Amino acid sequence: MYDVLVLAGGRSTRLGRPKHLLIVEGEPLVRRVVRRLGGRAVVCASSGTARDVERVLSDMDVQVVLDSVEGMGPVGGMASGLAACTREWAAVCGCDMPFVSREVLDALYARREGVDAVIPVCGKRQTLHALYRRESVLAACELLLRRGGGSVLDALSGLSVRYVPVEEERCFFGIDTVSDLIHI
C-alpha cells in the first residue's frame, strides 16, 4: 500500500483565510481530507498552521511535520512530507480538496509499475492528487529546491511519469477563492 501525505502549509492568499480550517459539511477541511483518504497520514504544515492542524487532527492517526522550506510551494511541502513517509509510495493531496478520492488513488497505485510517479489527467495534470515513489521524488524535489525551486512538474522532469486519464472530475476540485466555497 502507500502512505498519505496532505499538504497544509499554503498561505491561502486568494481565499484570505486559512484553508485547512474551513468548515465543509461540518468538519475542518484538513480533517475531511485525512478522513476521506483513510489510514495513517502525514500532514505537512507551516509554522503558522501546525498548531491548528494538530488540534483539529488530535484524535486521528496523523503525524504533523513542519514544512522546512516554507514559501517554496508544493515542492517544499512534498520534500518535507515525503521525508517523513515510510512506505515506498505516497499519495500526495492538498488540504483544500474536499472531494479527494481513495478509489482514484488506489487505481493510480495499480498503475505504478516501472515509473516514479502516476499522475491523473482530468483537463490538466493533477499533481496534487497523485502517487509518487517516495525516494526518487523526494530526491528530485530536494534537487529542485537547491536550484531555487519550481513546480511539481519541474521536479518530475527527469523522472519516469505515467499519466492516467481520470474522468472523476469532482475529486480534483480545490478551494482557492470565496467563489469556490459557494460551489461546494
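No value in this document is a laboratory result; all are computed from the given coordinates. Note that the coordinates shown come from a computational prediction; the quantities given were computed from them, not determined experimentally. No Cβ is skipped: glycine too gets one built from the backbone with ideal geometry, and neighbour counts run over all protein chains shown.
Cα centroids of the stretch 117-148 and the stretch 70-100: 9 Å apart.
Under the convention that each Lys and Arg Cβ holds +1 and each Asp and Glu Cβ holds -1, the size of the dipole of the chain around its Cα centre is about 180 debye. Taking GluC sites (Glu not before Pro) as exposed when DSSP calls them loop and at most 10 other C-beta atoms lie within 10 angstrom, the chain has its longest site-free stretch at 26-112. Rounded to the nearest 0.05, the FRET efficiency derived from the C-beta distance between R55 and R125 at R0 = 35 Å is 0.55. Would you be so kind as to identify which of G38, L57, V75 lies farthest towards the positive end of the dipole of the stretch 3-182, taking Lys and Arg as +1 and Asp and Glu as -1 on Cβ and the Cα centre as origin? Of G38, L57, V75, it is V75. Its DSSP H runs of at least 4 residues, each contributing -39,500 (n - 2.57), put the calculated 222 nm mean residue ellipticity of the chain at -8500 deg cm²/dmol, to the nearest 500. Shape analysis of the chain yields a ratio of the Cα radius of gyration to the Kirkwood radius, Rg/Rh, of 0.93. Across the chain, C-alpha contacts under 8 Å between residues 6 or more apart give a mean separation that, scaled by the residue count, equals a relative contact order of 24 percent.
The Cα trace of the stretch 18-84 gives Rg and Dmax of 11.5, 32 Å, the first to one decimal, the second as a whole number.
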